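Only one structure is covered here, and it is reproduced in the block below.
Every number here is computed from the coordinates shown, using simple stated rules; none is lab data. Remember, predicted model here, so these are calculated numbers, not experimental data. Methodologically, a virtual Cβ is constructed for each residue, glycine included, from the backbone with ideal geometry; neighbour enumeration extends over all protein chains shown.
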Amino acid sequence: MPEWEFRWSWEKIMLDPQTREDFLHESQPFIRHVSIQTSRRGLEWGRDEELSEALIAFNEAIDHYEEDRGVPFLAYARLLIKRRLIDYYRKQRLREALPMDQEEIGQAVEIHVGIHEFRERQQNQERSGEIKEYARTLEKYGLCFSDLVQVSPKHRDTRETLLGVARRLANEAELWRQVEKSGKVPMQALALMTQVHPKVLERGRKYILAVAVLIVNQHDYIYLREYVLPDERRVGG
């Protein structure tokens with residue numbers, strides 16, 4: 001699964017129709033991922049109307065987003081997609097197909113949320129949800145959230161080296177399949193592939209694995225990626 005990073009000029013997205021169209025096209029994996037999570041079923045482009053609704057919501061997020069608010073664009077877009085799909089199911093009288101709690105149903109009435117309404121409380125709830133989900137995922141590999149803080153390299157050069165290794169691990173499908181199967185990092189194969197000394201890899205093993213989990217599940221951990229990978233240039237990031 002390739003790492004998905006935005007490297008766009010926000011001003012150009014807003015002013016140039018072709019750039020906006022390209023941005024929407026590259027964002028389709030994210031839009032589909034959020035839609036599947038919300039709908040809790042498989043969705044395919046050209047077949048399921050939910051994806052059309054989600055694409056409209058994402059496009060509206062671009063229109064209403066204010067870059068200087070300090071909110072990650074994808075977090076704001078995710079909220080609008082979820083609300084629009086909840087409202088779509090409500091209108092279609094398909095609540096049975098989408099389990100929702102009362103809070104979500106109440107929020108469904110208001111789809112068009114301005115960026116100034118995307119308040120700190122909402123962001124804190126989403127951050128908290130990401131941390132809990134990330135902690136559950138790390139448990140599968142014998143790690144805990146605090147490991148990421150404790151083993152984070154202090155020196156910039158070491159951190160950049162290990163980040164590069166984590167990206168390679170996450171982006172190489174065969175390597176990541178080995179991780180998912182065994183729950184361990186294939187150190188020898190990774191050393192040969194990256195030309196990083198095995199001792200460096202072993203010292204950074206927990207950090208590499210924890211970051212790779214973030215990258216592989218990039219659409220789920222928007223806020224955490226901002227925290228762990230602050231130097232990446234991403235729209236709204």
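Observations
- Once divided by 2.2 N^0.38 Å, the Cα radius of gyration of region 147-237 becomes 1.04.
- Spin-label pair Asp16-Glu133: with each label point 7 Å from Cα along the Cα-Cβ axis, the two points sit 3.2 nm from one another.
- Relative to the Cα centre, the charge distribution of region 133-237, modelled as +1 at Lys and Arg Cβ and -1 at Asp and Glu Cβ, gives a dipole magnitude of about 220 debye.
- Pairs beyond 18 Å (Cα-Cα), from Lys140/Lys181; Lys140/Lys206; Lys154/Lys206; Lys132/Lys154; Lys184/Lys206: Lys132/Lys154
- Cα-based radius of gyration of region 125-184 once divided by 2.2 N^0.38 Å, which approximates compact folds: 1.27
- Across region 203-220, rounded Karplus estimates of 3J(HN,Hα) from the backbone phi angles (6.51 cos²θ - 1.76 cosθ + 1.60, θ = phi - 60°) give 5, x, 4, 5, 5, 4, 5, 5, 6, 4, 4, 4, 5, 4, 9, 4, 6, 8 Hz, Gly and Pro being marked x.
- By the Cα gyration tensor, region 8-87 has an equivalent ellipsoid whose semi-axes, rounded to whole angstrom, run 22, 14, 9 from largest to smallest.
- Look at the Cα gyration tensor of region 8-55: its axes a ≥ b ≥ c give a/c of at least 1.5 with a/b over b/c, and that counts as prolate.
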